[in-house]
Amino acid sequence: MTSPSDAVASKRLPAEQRRQQLIDVSLTLFSQRGFNATTMDDIAEAAGVTKPLLYQHFASKRALYLELVDSVATTMLEAIGAAAAAAEGPRQQVEAGFAAYFHLVVTHAEAFTLLFGRDAPNDPELSRAMRHVEDVLAGAIDVLIDAGLDEDHRRLLAYAVVGMAEGASRLFLTTRSTSGGLPDQAEIDRLSRRVGDLAWAGLRSVHRDA
């Protein structure tokens with residue numbers, strides 16, 4: 001329970017810092033409990049603020065969740081895009097993209113759970129927002145695939161690569177959570193190299209349909 005002194009201190013946060021604090025607290029709760037099981041009361045209590053103050057920053061739980069999804073997706077896409085742009089060639093772009101992706105997954109596990117956790121929100125608008133993240137990720141990968149393929153072919157392969165990355169990330173995080181301890185950079189690099197090798201070998205063997 002928040003003490004009077006804590007409540008007074010919390011009110012002194014500048015609006016921008018308060019908003020970020022609420023976003024951070026919400027990310028933790030949504031990733032742990034899921035959207036449906038988390039309430040605005042839960043978020044306000046965990047942040048040590050009143051519910052009216054929470055509503056000053058976010059009109060609803062849906063609005064807060066959508067902003068979280070957008071923020072996490074933007075961070076992920078910017079990291080992957082920057083890594084691929086800095087790479088010297090197609091093979092290096094694939095490996096660098098996976099390395100950036102898996103680094104974010106490991107260091108921001110709550111964000112990954114928010115985007116790709118199995119407890120999908122029971123809400124059409126939120127479900128569309130989650131699918132949009134996958135659409136945008138696939139679009140970022142699409143442009144890295146051989147332009148000699150037709151658009152539908154590239155799009156199919158791009159979604160396959162996204163699914164590969166998601167599946168590998170879920171397994172990696174589950175394994176780490178059961179074995180204990182945090183992964184080091186060597187483990188992240190090894191994961192990126194293994195999945196990157198598979199993706200590159202597959203993409204190189206793809207041919208245009210006759």
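Just a few scattered comments:
- C-alpha long axis of helix 185-204 to longest principal axis of the chain, angle in °: 40 degrees
- Gain upon complete extension [residue 86, residue 170; 0.36 nm per residue less C-alpha separation]: 27.5 nm
- Overall, the ratio between the Cα radius of gyration of the range 17-105 and 2.2 N^0.38 Å, rounded to two decimals, is 1.39.
- Gain on full stretching of the segment that runs from residue 28 to residue 153 - 0.36 nm per residue minus C-alpha separation: 41.2 nm
- Equivalent ellipsoid semi-axes, the chain, via Cα gyration tensor eigenvalues times 5, rooted, Å: 37, 19, 15
- Accessible surface ranking that places the most exposed of 70, 24, 123 first, with a 1.4 angstrom probe: 70, 24, 123
- Comparing 55, 65, 101 in a Gaussian network model of the chain (Cα springs below 10 Å), the most mobile by mean-square fluctuation is 55.
- Taking every DSSP helix (H) stretch of at least 4 residues in the chain, weighting each as -39,500 (n - 2.57) and dividing the sum by the residue count yields a mean residue ellipticity at 222 nm of -25500 deg cm²/dmol.
- Extended-chain gain in nm, criterion 0.36 nm per residue less alpha-carbon gap, residue 197 and residue 66: 43.7 nm
- Between 62, 12, 154, the Gaussian network model of the chain with springs among Cα atoms under 10 angstrom shows the greatest mean-square fluctuation at 12.
- For the range 123-163, the equivalent ellipsoid derived from the alpha-carbon gyration tensor has semi-axes of 23, 8, 7 Å in decreasing order.
- Percentage, to the nearest whole number, of Cα pairs in the range 65-105 over 16 Å apart: 36 percent
- The C-alpha atoms of the chain define a longest principal axis, and helix 90-107 lies at about 20 degrees to it.
- Acute angle (nearest 10 degrees) that the helix 151-179 long axis makes with the longest principal axis of the chain, alpha-carbon atoms: 60 degrees
- Of the residues 174, 28, ranked by 1.4 Å probe accessible area with the largest first, the sequence reads 174, 28.
The values are calculated or read from the model by the stated rules, or taken from the named source; none is laboratory data. Keep in mind that this is a model prediction, so the values were computed, not measured. Protein only, heavy atoms only, side chains kept; ligands, DNA and RNA dropped before computing areas. Shrake-Rupley method; radii C 1.70, N 1.55, O 1.52, S 1.80 Å.
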